[in-house]
1. Give the residue that is farthest from the ligand (Cβ to nearest atom), with candidates limited to residues of the stretch 151-169 that are touching a helix residue (DSSP H, G or I) at 6+ places or on another chain (Cβ under 8 Å) and open to solvent by 40 Å² or more (accessible area, probe 1.4 Å).
2. Can you confirm whether Asp95 is within 15 Å of the ligand (Cβ to nearest atom) and open to solvent by 50 Å² or more (accessible area, probe 1.4 Å)?
3. Select from the stretch 53-70 the residues that are within 16 Å of the ligand (Cβ to nearest atom) and in a strand (DSSP E or B) and write down the one among them that is most open to solvent (accessible area, probe 1.4 Å).
4. Looking at the stretch 71-85, is at least one residue within 14 Å of the ligand (Cβ to nearest atom), touching a residue at least 60 places away in the same chain (Cβ under 8 Å), in a helix (DSSP H, G or I) and surrounded by 24 or more Cβ atoms within 10 Å (Cβ to Cβ)?
5. Of all residues in the stretch 123-141, which are over 16 Å from Val57 (Cβ atoms), within 16 Å of the ligand (Cβ to nearest atom) and part of a helix (DSSP H, G or I)?
6. For residues that are among the acidic types (Asp, Glu) and farther than 15 Å from Asp82 by Cβ, scanning just the stretch 104-119, find the one that is most open to solvent (accessible area, probe 1.4 Å).
7. Looking at the structure I just gave you, is Thr50 under 16 Å from Leu159 (Cβ atoms), at pLDDT 90 or above and away from the ligand (no atom under 16 Å from the Cβ)?
8. State which residue is modelled with the lowest pLDDT when the search covers only the stretch 98-113 and only residues that are part of a strand (DSSP E or B) and either more than 14 Å from the ligand (Cβ to nearest atom) or touching a Leu at 6+ places or on another chain (Cβ under 6 Å) (or both).
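The values are calculated or read from the model by the stated rules, or taken from the named source; none is laboratory data. On a predicted model such as this, the values are computed, not experimentally measured, just so you know. Here the Cβ positions follow ideal geometry from the backbone for every residue, glycine too, while neighbour counts run over all protein chains shown. Please note that ligands, DNA and RNA were not included when accessible areas were found on the heavy atoms of the full protein model with its side chains. Shrake-Rupley method; radii C 1.70, N 1.55, O 1.52, S 1.80 Å.
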Amino acid sequence: MKLNKLWALGAAVALPLLVPGTASAQESVQIQLDALNNSGASGTATLTPTSDGGLRVQVESSGLVPGAPHAQHLHGGFDGTDFMCPPASADSDGDGFVSTVEGLPAYGDIQISLTTEGDTTAASGLALDRFPVADDSGNLTYERTIPAGMLPDGTLEQLANLHIVQHGIDVNGNGMYDLDGLGESPLAMSLGLDGVPAEGTFPATCGMVAGAAAATMPDGGVETGDGSAADDGAGAAALAVVGGAALLGAGGVAVWRRRAGQER
Ligand SMILES: [Cu+2]
């Protein structure tokens, strides 16, 4: 009954756009994966909490580097920061690409590595031998149910604070990850790994949980944007969030730059 009342309230306030399923954290959430770094890749992901506290993750992508493994993670955080997919302006060194390191302040740390088997912590973030491989046409299909015991605390309650990033691009078009494309991966170097091509680690797609906007903007102001008083309120809130993320981003980039500098 409580849920019905919530829905009645929601409908009264606004939104024909909302579909059933975005109201409860225990139902599936859909994620649209959009290209980063002009990768030409895209896809969809579905996160479904299981009845025993686990999380079923399904990903269908296309346009990825054929025959290559693609690291993929749930990024974000549980400290209240509103992480998001990085805008083009996250390219702080101006080389035309948002590197994984440059994107981290926006999309947050790795919370779950979407590996095919074994460990799913951040420690497996670059375990390319356990990530799914795109087929000869660049299509990638992934499905895994991560049991409750392997999920960070708060994962299911805060799915809206997470998003998926798939990595791996081929900027010089030779069909593989190689050092001639973008040089060595600063991220890998910062982890003490030498000789890892940056092409293998740069983001290819990113997608945010669709329910997040609905949950934080119950008047639907973002979608409708008709300039009413309610929309202005939502816009101000969104701006405040962006400002906070930008501040955090500046600090994060500085830290990574210092680390990267020590490696060189
Ligand atoms: Cu990632």
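1. Keep residues of the stretch 151-169 that are touching a helix residue (DSSP H, G or I) at 6+ places or on another chain (Cβ under 8 Å), which gives 159-161, 163, 165, 167-169.
Checking the rest, the ones that are also open to solvent by 40 Å² or more (accessible area, probe 1.4 Å) come to 160-161.
On the way: Ala160: 18, Asn161: 15 Å.
Out of the qualifying residues, it is Ala160.
2. Working: within 15 Å of the ligand (Cβ to nearest atom): no; open to solvent by 50 Å² or more (accessible area, probe 1.4 Å): yes.
In short, no.
3. Of the stretch 53-70, the ones within 16 Å of the ligand (Cβ to nearest atom) are 57, 59, 61, 64-65, 68-70.
Retained after the next criterion (residues that are in a strand (DSSP E or B)): 57, 59, 61, 69.
Numbers: Val57: 0, Val59: 1, Ser61: 8, Pro69: 31 Å².
Only one residue tops the list, namely Pro69.
4. No: zero hits.
5. Once the filter is applied, which keeps residues that are over 16 Å from Val57 (Cβ atoms), within 16 Å of the ligand (Cβ to nearest atom) and part of a helix (DSSP H, G or I), the stretch 123-141 yields Ala123, Leu128.
6. First, pick out the residues of the stretch 104-119 that are among the acidic types (Asp, Glu): 109, 117, 119.
The next check asks that each one be farther than 15 Å from Asp82 by Cβ; those that pass are 117, 119.
Values: Glu117: 109, Asp119: 61 Å².
In this case the residue turns out to be Glu117.
7. Details: under 16 Å from Leu159 (Cβ atoms): yes; at pLDDT 90 or above: yes; away from the ligand (no atom under 16 Å from the Cβ): yes.
Yes; evaluated as a whole, the condition is true for this residue.
8. Restricting attention to the stretch 98-113, the residues satisfying the condition of being part of a strand (DSSP E or B) are 110-113.
Checking the rest, the ones that are also either more than 14 Å from the ligand (Cβ to nearest atom) or touching a Leu at 6+ places or on another chain (Cβ under 6 Å) (or both) come to 111-112.
On the way: Gln111: 94, Ile112: 97.
Restricting to residues being part of a strand (DSSP E or B) and either more than 14 Å from the ligand (Cβ to nearest atom) or touching a Leu at 6+ places or on another chain (Cβ under 6 Å) (or both), the top hit is Gln111.
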